[in-house]
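These notes are about the structure you will find just below.
Any read-out appearing in this document is the output of simple, stated calculations on the displayed coordinates, not a laboratory observation. If you're wondering where the values come from, they're calculated on a predicted model, not measured in any experiment. Cβ atoms come from the backbone with ideal geometry, glycine included; neighbour counts cover every protein chain shown.
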Amino acid sequence: MNPGLINLSNLANLSNNLKKSVTNALLNNFKHNISRNLYSLPSPNECRRQLSKSIQDLVKDYSSVTNIDLQWGEQDAFGHLNNASFLRFFESGRIAFYEQLIDPALSKDSQFGHGITKIGPIVKTVNCNYKLPVTYPDNICVATRVPISGIGKDRYTVEAIMVSRKLEKIVAKSEVVVVTYDYRIGKKAEIPSDYKKILINLEKNRK
């Protein structure tokens, strides 16, 4: 073949590969934006504005705030919120913490995230201090923070409180130790530097 001639077959393959690369890049960017915007929660400040002044004072030292309606079916035979359901409320608070404050601050290329292709959180220990019973109807405010003193090399402590908006009192407190875990290799990992920086800045900026 004359080297001066254009190989139309190679040119067609190059064009197809370029189209695939552009399409995949656009699709990944679309998925990234959808995950950040479609299911976004109200911001902590929006949630705070829904609260009475007395409850705002109770949650002022926490970075993330989310308000969750109590469902009738979450009560047990004794007519109050079942003890296991408290843990689900605290779990929802941790998810809100991530979606409100962490996910928007992470780049899409960050090593940290949710899913089996990232370094992500995995719960090590859970401690819950039950203080008051909760009954339907009610709306529960869950306030969550990660204190700087609780951030280690490969783990951090999540502190949270549950506040009954009906009672205007703290009904439970929680401390959860979370380990950063590399789901790709099935082993714990150091907290990625960008994620650790976000956690530290959240506490510094709050004060």
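A simple spin-label model places the labels of LYS60 and ILE116 4.7 nm from each other, with each point 7 Å out along Cα-to-Cβ. Per q in 0.12, 0.19 1/Å, what log10 I(q)/I(0) does a Debye calculation on the alpha-carbon atoms of the stretch 85-207 return? Reported log10 I(q)/I(0), two decimals: -0.47, -1.04. Counting neighbouring Cβ atoms within 10 Å and putting the fewest first, the residues ILE161, ILE200, ILE95 line up as ILE200, ILE95, ILE161. Among THR135, THR180, THR117, THR144, a tally of other beta-carbon atoms within 10 Å of each Cβ gives an order, fewest to most, of THR117, THR135, THR180, THR144.
For ASP69, ASP109, ASP154, what's the fewest-to-most ordering of other Cβ within 10 Å of each Cβ?
Ordered by Cβ neighbours within 10 Å, fewest first: ASP109, ASP69, ASP154.
Strictly over 32 Å apart at the Cα level, which of LYS53/LYS153; LYS108/LYS131; LYS53/LYS118; LYS118/LYS166; LYS166/LYS196; LYS108/LYS188 would you flag in this model? Numbers along the way, then the final one.
Details: LYS53/LYS153 37 Å; LYS108/LYS131 40 Å; LYS53/LYS118 40 Å; LYS118/LYS166 40 Å; LYS166/LYS196 36 Å; LYS108/LYS188 21 Å.
Pairs exceeding the cut-off: LYS53/LYS153; LYS108/LYS131; LYS53/LYS118; LYS118/LYS166; LYS166/LYS196.
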